[in-house]
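The values are calculated or read from the model by the stated rules, or taken from the named source; none is laboratory data. Owing to the predicted nature of the structure, the values given are computational and were not obtained by experimental measurement. Here the Cβ positions follow ideal geometry from the backbone for every residue, glycine too, while neighbour counts run over all protein chains shown.
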Amino acid sequence: MSEFTHLGSQLVNLCSVLLLLSCFAIVAQRRLSACVDLFALQSFFLATTAALVAFLTGHRHIYLAAALTVVIKVIVLPRILRKVIERLNVSRELVMNINIPAGLLICGGLVVVAFFITQPIIPLGYLLTRDSLAIALAIILIGFFTMIARKKAVTQMVGFLVMENGVFLGATAAAYGMPLIVELGVFFDVLVAGLIAGIYTHRLQDAFDSVDTSELTALKE
Amino acid sequence: MWPVIVLLAGPVLAGLLSLVIRRARVLHTVNFATMLALGVAETVLTRQVLVEGSVTTLGTLVYVDALSDFILIIITAIGLSCSLYMWSYMDEQVARGVIAPKHLGVFFFLFHMFLFAMVAATMANSLGVQWVAVEGTTLATTFLIAFFRRRESLEAGWKYLILCSVGIALALFGVVLTYYSSVRVLGDASSALNVTELIGVADRLDPNVLKLAFLFILVGYGTKVGLVPMHTWLPDAYTEAPAPIAAMLAGVLETVAVYTLLRSKAIVDQALPSEFTGNLLLVFGFVSFVVASLFILLQHNYKRLFAYSSIEHMGLAMIGFGVGGLVGTFGGLFHLLNHALAKALAFFVAGNIHRRFDTLEIDGVRGLATSQPVTAVATLVAAFALVGLPPFSPFVSELLVVSALSAQTFASDTVHVGRFVAVTVSDEVRSVGLVALFLLFGVVLFGGMMAKIGSMVWGAPREGVARGESWTVGHVPLLVMMAALIGLGVALPEPLRTLLARAVTVIVQR
C-alpha cells in the first residue's frame, strides 16, 4: 500500500470515528437544540468523509453527494428542526425512557454488535474504507436506539436522520456511493420526511398541547 | 413504451391537476378518468408482457416482467374501484362537514402521489429506485391516514411515519449491502443495482453479504407488509384512515411491499440455498398468522378486525412463498390478488357501515341486513372470503398454500435449539404438525370473524338508524368485487393463469 493511500485510509477512519462519537454525544445530550446542533455537526463530518473518499478515489459523483449533504443535512434540516423547537418551546430537559449512563452503555454494546455482525463481510470491501462499514452499522443501530429511548417527536426525528447518516456512510464507505439517481432520490425522501415531521409536530402540538409522544396513548388494544 | 409512460405520468398529472381544480365533480371525473386510463394502459402492457416476456424501457430505468405486471394489475384494479367508491364517500364527508371542501383537492393530490409511488416501486429496475419509491409511499400516505385530523388519526399517522421510516432505513442498509456485493462483480457502478443485471450474476455474489442484506431487507420491508412483530402501526393506521385509503393500504400497499421482498428473494435464492430465505419467510409468516388470528378474537372495532385479518393473510401468503416451489409460490401470488379484492371490499363496507351507524364498535352495529341490505350482503361475502370459505377465490389460494405446506420436505431433520439441544423429528411429523397448527388457527380465525360479523349483520338496528339503502356510484365496486371474488374462485381466466405461472418462474428458478 502506498504511503498516500495509507494516509487517506487513516483520514477516512478518523472521520468515521468522529461520526460515531457525535452519535454518543447525541445520546448523552439532554437539550433538544444541542441534539440538533450535534446532528448538524455529524452531517458535516459525513460530508467531509464523502469528500475525502471522492478526492482519494476520483469518483466525481461523490462530491455531489457531499455537497447535497452539506445543503440538506447541515443547513436545511437543522434549520427546520430549530424552528420547530423555537415555535413549540420544547427546549426543556428531555424525559427519557432510559437514563443517560445506561443509554451510553447500551450504545457501547451496539458498537460491539455492529463489529461482530460485519466481521465476515468486511474483507470484501475496498482497502481504503474497509472499517467504515462496521462503524456505519453501529451508527444505524444507535440511531435506532435513540428513536426508542427518546419520547419527543423532534428527537425521534433526529434519531431517524442519524440512521440515515449511518446508511449513507455505509454506502460511501462500502461501495464508493450509490448510483446517482438513487442518491438523489434518497436525499429527496429525507428532505420531504423532515418537512412532514415539521408539519406533524405543529399539528400534534395543536391537538395534544404537547409533542411528548408518550402522551400518544389513545390507540390501544 | 406508451403504456409505461401513461402509468407513470398519469398519476403525477392528475395529482397536480387536483391541486388547482376547485369543483368536487371535476375532481372526481379527473380521478376516475385517470384510473380508467391506467386500467387501459395496464391491459395493453399485460398483453405486451405476455407476448414479449418482459419490457425494459426509459433507458433501463423501467423493467416490467410477469411478476411486476401482475402486481400492477392489482394496483390498477383496486385503484379503479377506489376511485368510484371515493366518489360517494368523499362527497358525503364534505357534505357532513368532516372535511372542508377546499381540502378535497389536497386529498386527491396525495392519493395520486401515493399511487405514483406504488407504480414506480413496482416498475423500478433498480433496487435503489424501488427503495426511494417505497419510502415515497410512506410520505404520501401519512397525511392521508391523518386526513380527518382527529387526535387519534394524528397519533396513528405519526406512528406510521416513524415506524415505517425506521423500518425502511434498515431496508436501505440492506440495499446498500446488496450493492456492496454486486459492484464487486459487475464493476459498472450505475447499473449494479438493476434487477436485469443482478439476476444474471446473482450466483456469483458473496453469500455472506447477501445473507445480511436479506435480513435487513426482510425486517425493513416486512415493517411495511405488517409482519409480526413489526406490525404495531398497522391496526391504528387502518382504523384511522378514511375507508378508501384503508382499502388501498390493505389491498395494494401491502402487496407492493411483498413484491419488493420477492424481488430480493429471487436474487438471494440464486446465491444461497432457497431454504435460507424460505425458512425466514416461513417463520415470519407463521408467527404473523398465529398472532393475528388470536388478536382477531379480542377485537371490538370492526376496522381493527379487518386490519388484523390483513396481517393474518400476509402471513399466509408468506407461508406460501416460504414453502416455495411452484405450488406454494403460485398460491402465494394468487392469494395476494384475492386478499386485495376481499380486503378492499371489506374496507369499503366498513366505510358504508361507519357512515350509517357513526360508530366503529362492533357492539354498536346491529341489524345491518335491515338497515343496509346491499352492504350487508357485501359484508358477508367479504367475511366469507376472508375466512377462506368456498366458492370464494381466497379458498382456492389458501388450499394451494396448505397443500404446498403439507408436501413440504425439509433439508435437515434436526432442529438445533440453542447450542446443546438438538431435536430430531421425522419429515412427516413436522409437516403434519405445521399443517395441523395452520388449520387449528384457521378454525380459531373462522369462529372469531364469523361471530363478530354475524352479530353486526343480524338483529334489529338501534333507534335512530335509517333503514333502507339507495343506490349510489359507490355501490358499483362492491358488486364488481363480489363478482370477481366468486368468479376467480370458480375459474381462473387463461391470460391471468399464464401471467401467474410466468410470475412464479421469476421467483422460483430451476
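Given the options B:LEU115, B:LEU104, B:LEU58, name the one that is closer than 22 Å to B:VAL4 by Cβ, away from every other protein chain (no Cβ under 14 Å) and of a type in the set (A, V, I, L, M). Among B:LEU115, B:LEU104, B:LEU58, only B:LEU115 is closer than 22 Å to B:VAL4 by Cβ, away from every other protein chain (no Cβ under 14 Å) and of a type in the set (A, V, I, L, M). Please verify whether A:VAL162 is under 15 Å from the mean Cα position of the chain (by Cα), at the interface with chain B (Cβ under 8 Å from one of its Cβ atoms) and modelled with pLDDT of 85 or more, treating the condition exactly as stated. Against the criterion (under 15 Å from the mean Cα position of the chain (by Cα), at the interface with chain B (Cβ under 8 Å from one of its Cβ atoms) and modelled with pLDDT of 85 or more), A:VAL162 does not qualify.
Could you tell me whether B:ALA77 is facing another protein chain (nearest Cβ under 10 Å), in a helix (DSSP H, G or I) and within 18 Å of the chain's Cα centre (by Cα)? Lay out the reasoning, then the answer.
Working: facing another protein chain (nearest Cβ under 10 Å): no; in a helix (DSSP H, G or I): yes; within 18 Å of the chain's Cα centre (by Cα): yes.
In short, no.
Being more than 14 Å from chain B (Cβ to nearest Cβ) and crowded, with 18+ Cβ neighbours inside 10 Å narrows it down to one residue among A:VAL17, A:VAL53, A:VAL74, A:VAL84; which is it? Just a single option satisfies the conditions, and that option is A:VAL74. Selection over the stretch B:458-499 of residues that are part of a helix (DSSP H, G or I), aliphatic (A, V, I, L, M) and farther than 23 Å from B:VAL387 by Cα gives a count of 3. Considering only the stretch B:389-400, state which residues are under 15 Å from B:PHE441 (Cα atoms) and under 17 Å from the mean Cα position of the chain (by Cα). Within the stretch B:389-400, just B:GLU398 meets the criteria.
Filtered by the rule that a residue be aliphatic (A, V, I, L, M), under 16 Å from the mean Cα position of the chain (by Cα) and either within 7 Å of chain B (Cβ to nearest Cβ) or closer than 18 Å to B:VAL62 by Cα (or both), the stretch A:169-189 gives A:ALA171, A:VAL186. Would you mention how many residues in the stretch B:100-145 are modelled with pLDDT under 95, of a type in the set (Ser, Thr, Tyr) and more than 18 Å from A:LEU191 (Cα to Cα)? The qualifying residues number 1. In the stretch B:323-334, the residues that are on the phi < 0 side of the Ramachandran plot reach residues that are hydroxyl-bearing (Ser, Thr, Tyr) with C-beta atoms within less than 7 angstrom, at least six apart or across chains, in these pairs: B:VAL327/B:SER403; B:GLY331/B:SER397; B:PHE334/B:SER397.
Among the residues making up the stretch B:185-226, those that are at the interface with chain A (Cβ under 7 Å from one of its Cβ atoms) and assigned to a helix (DSSP H, G or I) are B:ASN208, B:VAL209, B:LEU212.
Would you please name the residue that is farthest from the other protein chains (Cβ to nearest Cβ), looking only at residues in the stretch B:129-184 that are outside any helix (DSSP H, G or I) and within 22 Å of the chain's Cα centre (by Cα)? If we take residues in the stretch B:129-184 being outside any helix (DSSP H, G or I) and within 22 Å of the chain's Cα centre (by Cα), then B:PHE147 is farthest from the other protein chains (Cβ to nearest Cβ).
What is the residue count in the stretch B:202-227 for residues that are under 16 Å from the mean Cα position of the chain (by Cα) and either surrounded by fewer than 23 Cβ atoms within 10 Å (Cβ to Cβ) or charged (D, E, K, R) (or both)? Break it down into steps so the answer makes sense when it comes.
Step one: list which residues in the stretch B:202-227 are under 16 Å from the mean Cα position of the chain (by Cα), which gives B:218, B:220-227.
Restricting the remaining residues to those that are either surrounded by fewer than 23 Cβ atoms within 10 Å (Cβ to Cβ) or charged (D, E, K, R) (or both) gives B:224.
Here the count works out to 1.
The requirement of being at pLDDT 90 or above and more than 12 Å from chain B (Cβ to nearest Cβ) is fulfilled nowhere in the stretch A:117-127; no residue meets it. The set of residues from the stretch A:174-221 being modelled with pLDDT of 80 or more, among the aliphatic types (A, V, I, L, M) and over 29 Å from A:ASN89 (Cβ atoms) comprises A:MET178, A:LEU180, A:ILE181, A:VAL182, A:LEU184, A:VAL186. Which numbered condition trips up B:ASP65, out of (1) at pLDDT 95 or above; (2) in contact with a helix residue (DSSP H, G or I) (Cβ under 7 Å, 6 or more places away or on another chain)? Failing condition for B:ASP65: (1). For the stretch A:15-50, a residue qualifies if it is of a type outside the set (A, V, I, L, M, F, W, C) and within 19 Å of A:ASN89 (Cα to Cα), and the qualifying residues are A:GLN29, A:ARG30, A:ARG31, A:SER33, A:ASP37.
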